[in-house]
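Everything below concerns the one structure shown next.
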Amino acid sequence: MWRKNLFLILSFILIVSFLSHCLPPRYFPKADQKALQNALELYHQGKQEPALAAFKSFTARFPQSTYLSEALFYIGIIYRQKKEPGKALEYFNQSLRYSPPVQLQGQIYKQAGLSYSQLKAYQGAIKYYKKALHMSSRPEEKGEISLLLGRSYQKMGNSSQALKEYLRALKYKPGVELMTRAKDGLINLILEISNTNELVPLKEEKDLAEETRGYVYYRLAELYFSHHEHEAARKALQEYNRLFPTHPYQEKATTLLRKIDELILSISQSYTDRIGCILPLSGKYGPIGQKILNGIKLAFLTASIPAGKGEYRLVVKDSGTIPQKVMSALEALATQEKVLAVIGPVLDEELKSVTPIAAKYHIALVSPSAADGARLQPNPYIFRTIPNIRQWGRQMADFAIKKLYLTTLAILYPYTPYGTQLKDSFSERVVELGGNISKIVSYKAASSDLATELRDLVGYGSSGLSPQSIFLPEDYYGLRLIAPQLAYYLANQVVLLSCCYKEPPPLGDIKRGGLEGAIFMVEFFLSSTDPKIKVFVDSFKKTFGIEPDYWAALGYDAANIIFHILQQYTVQNRESVKDLLLGIKYFSGVTGRITFLPDGTAEKTPFILKIEGGRFVQLN
């Protein structure tokens, strides 16, 4: 009997032994907790290597534990602390595969982001920081992650996004220590930014501390100074001194302001009797340049010289056809000839290319014909005597409503940038003055048959009223094609308004064009009864043997604007020329009354003409 019992006992032992090798190991429910707790105690005691061994032992002993992801997470942290971010990322990714609790998942994303940052792989860091931010719920933690995002964007050179993240970190108010770190990061970023357009909005940012805002003003001044925009730099520093009298950078600001003032004084020194001129005297635009030069020369010949002063000297440079030539011409006029001011350049692209040079040498440029100011960066040294296109539309609307007493107008315009701008400015001004726009109809440029468009224009428009006048912003040749068709459909019952031209066309074109009664604007009217224009025309014919045209008139006015301030005021340097030009109001030129606006563009009163009996009659 005992032999049988012994056999059963031995058999049980063998079965248990066999099963223990075939099935996964089992452990008491709290054994894994205790092992993890021991590893955590080692970690928090700063015993890095023993802790790492303990966590690794845990993962080997308890591969089915619900705490496995936490153990892998801490292994990753230790490797990151050991400056082995590659290994750290391996364990963080393993930890994520074991479905960690939501709170731990956010921490894993954050630590993975820090590991990518150690590897200088900031795009990867940003990816994980964004995930961590999404998982986070505590303001302090959100603030810290936003700060980390800001630093990553800053390292990548994306200063605009870095600014957003630093400001977001501040909005979370994450505590004193993190707030200080966010503020310091923001200040460092501000002092690194190299684009003024990114800094200017920060002047009004509500979430910036006053001291931080002071760095914005100082950095703006530094950037303006480095770009040779000395006036803008001086203004930024003056604002800085007024708003932040106890700022940490006060001493630096004072030093920079003194340097700017000394530089401006040095650069502004010039001969007070020398005026420069840059014109295209060769190449495609040579004929136009020569006409403008003749107008300028006449202004020099007829200029009144104040008592005690010698004659003015004109220094002419040819801008030719090469873009670089106009830049070298201005450099030479500013540094070698030391001229007081410059007339020119005449082309939009030329003026755009020399804008930085004008700011660098504080030399005012008065362009007689460059018109497209919209493409120029703001610059206090650039002046243009040609108005913006939109002004013509508004001025024609003023005349129609205020002088002709028209109340209902229609618009027929070519679908071109020129036509669209005039349509917009005319209609806006009519509505501002209380008038009605009955209908607006467009047509393709260079169209010769507008029957469909004109039928659409006839009759009652959207206002319920028939138009008293039609505004047609076309050139002369387009106007000649369209005017007879207008007469057919409208039986000459409406006033035709058009604008704006350099000067009236030949009378023969007018008589053939069916334009009787049409009203339009011109910049120069050779036959004007204005005494100053008669003097200009007579003097020009006597000097050059031909009648002046629009281009000569522009050159004459540009030069006389400069002579006006030289005769009226004591001018000591270039800076004072710029300041006095900004004060020009209602200068009476042969191309109209000219006022310079704060941005250097001209507001000019054109000549308004009506065709009566095949002749031009001036209405203003």
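None of the figures in this text is laboratory data; all of them are computed from the coordinates on show. In this text the structure is predicted, and so the values were computed from the model without any measurement. Cβ coordinates were reconstructed from backbone atoms using ideal geometry, including for glycine residues, and neighbour counts include every protein chain displayed.
Here are some notes:
- Here the simple spin-label model places points 7 Å from the Cα toward Cβ, and for R97 and E177 these points are separated by 3.5 nm.
- Crossing angle, helix 48-61 versus the chain [Cα axis fit, 0-90 degrees, rounded to tens]: 70
- Straight-distance candidates among the lysines for linking to K284, with alpha-carbon spacing under 24 Å and chain neighbours fewer than 8 residues away dropped: K297, K317, K325, K352, K502.
- Packing-based order for 385-391, 399-405, 273-279, using average beta carbon neighbours within 10 Å, highest first: 273-279, 385-391, 399-405
- Per-peptide average of other Cβ atoms within 10 Å, ordering 49-59, 147-157 highest first: 147-157, 49-59
- Formal net charge of residues neighbouring Y489 (Cβ-Cβ distance under 14 Å; K, R +1; D, E -1): -1
- Summing +1 for each Lys or Arg and -1 for each Asp or Glu among the other residues whose beta-carbon sits under 14 angstrom from that of N573 gives -2.
- For G175, the shell of other residues with beta-carbons less than 14 Å away shows a net charge of +2, using +1 for Lys and Arg and -1 for Asp and Glu.
- Each Cα pair under 8 Å and six or more residues apart adds its separation to the average, and for the chain the resulting relative contact order is 9 percent.
- Helix 159-171 vs. the chain, principal-axis angle (Cα, 0 to 90°, nearest 10): 60
- Ascending count of other beta-carbon atoms within 10 Å, so fewest first, for K317, K164: K164, K317
- Measuring between alpha carbons in the structure, the pairs from K83/K127; K402/K585; K338/K604; K130/K173 lying more than 25 angstrom apart are K338/K604.
- For the chain, DSSP calls about 35 percent of its internal beta bridges antiparallel.
- Multiplying each eigenvalue of the alpha-carbon gyration tensor of region 31-262 by 5 and taking the square root yields semi-axes of 47, 15, 15 Å, largest first, rounded to whole angstroms.
- Mean Cβ count within 10 Å, highest first, over the residues of peptides 187-194, 604-611, 134-141: 604-611, 187-194, 134-141
- Considering all different alpha carbon pairs of region 139-241, the Kirkwood hydrodynamic radius works out to 13.8 Å.
- The Cα-based radius of gyration of region 183-273, divided by its Kirkwood radius, gives an Rg/Rh of 1.03.
- Of all aspartates and glutamates in the structure, the ones whose alpha carbon falls short of 16 Å from that of K82, not counting any fewer than 8 places away in one chain, are E49, E90.
- Taking only the alpha carbons of the chain, we obtain Rg and Dmax values of 39.1, 152 Å in that order.
- A simple spin-label model places pseudo-atoms 7 Å from Cα toward Cβ; at N188 and S266 they are separated by 3.4 nm.
- For K578, K30, order by how many other beta-carbon atoms lie within 10 Å, fewest first: K30, K578
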